[in-house]
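Trainee: Quick one: structure below, then a few questions.
All of the numbers you see were taken from the coordinates with simple rules; none came from a lab. Values in this document were obtained by computation on a predicted structure and should not be read as measured data. With ideal geometry, Cβ positions are generated from the backbone for all residues, glycine too; neighbour counts draw on all protein chains shown.
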Amino acid sequence: MGVAVLGGAFDPPHNGHVALAQGAVAHFEAARLLVRVVAAPGHRSVSATADDRLTLATLAFEAVPGAEVALDTHARTVDSLEALDLDDPVFLIGADELASFPTWKEPDRVLALARLGVATRPGVPREQLAAVIAGLSRPDRVELFEIEQLPISSSEIRARVARGEPIGDLVPMAVAAEIELRDLYRRSARLD
């Protein structure tokens, strides 16, 4: 029984994030899931404030056993993991993020601080993932696990809200209600 860590901008959090979290908790038998809402992501701009995104993430992950949602003041994964100082956690990413992992800040140090749990979807070619993993300094620290395919993106949700379209099929209902209550994402729909 260990700890899994899921970090991100969560701008906004959606059903794909929740499915990844639930799948990881089950696969890794994690007693705790630390959901880290990155206040100021170093790799992308955000539309909602850190406080708004923290509230949305708290609502999104409330149904995930062992989930603890908190704001992360570190822009980079390695710095966040250093500060958390956990005993061999699993850091969760999607298969699409694995391709860019070698370009992250200090990827070797990330692998020293945490194992990588990579969520794959049915139909994702394992050969592509295997090539990236083989190029890492510690391929033994990477484990793939499969989750249900939910082709959802936060940018799609922001665009729908900006157009006045419903999002209840993409996010937990409490998140949709909070987005409406706070009048989030209506003015802009950044695509990032």
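Trainee: Within segment 48-92, find all residues whose amide N lies under 20 Å from a label point positioned 7 Å from the Cα of D183 along Cα-to-beta-carbon.
Mentor: Hits in segment 48-92 for D183 at 20 Å: 48-56.
Trainee: Among G135, L92, S45, pick out the residue whose Cα is farthest towards the positive end of the charge dipole of segment 37-192, where Lys and Arg carry +1 and Asp and Glu carry -1 on C-beta, about the Cα centre.
Mentor: S45
Trainee: Can you tell which of P151, P65, P172 shows the greatest fluctuation in a Gaussian network model of the chain with Cα springs below 10 Å?
Mentor: Result for the chain, Cα springs under 10 Å: P151 fluctuates most.
Trainee: Still on this model: For segment 3-152, list log₁₀ I(q)/I(0) at each q in 0.19 Å⁻¹, using the Debye formula over Cα point scatterers of equal strength and ignoring solvent, two decimals each.
Mentor: The Debye formula, applied to the Cα set alone, gives -1.24.
Trainee: Return a whole-number percent for the relative contact order of segment 3-152, with Cα pairs under 8 Å and 6 or more residues apart as the contact set. Present the calculation step by step, with values, prior to reporting the outcome.
Mentor: On the way: 253 pairs, mean separation 38.7, N = 150.
Once normalised by length, the contact order is 26 percent.
Trainee: Here is a follow-up. Could you check the simple spin-label distance between A134 and S45, using points 7 Å along Cα→Cβ, in nm with one decimal?
Mentor: Label at A134, label at S45, 4.0 nm between them.
Trainee: Would you look at the GNM of the chain, springs on alpha carbons closer than 10 Å, and say which of S80, S137, S100 moves the most?
Mentor: S100
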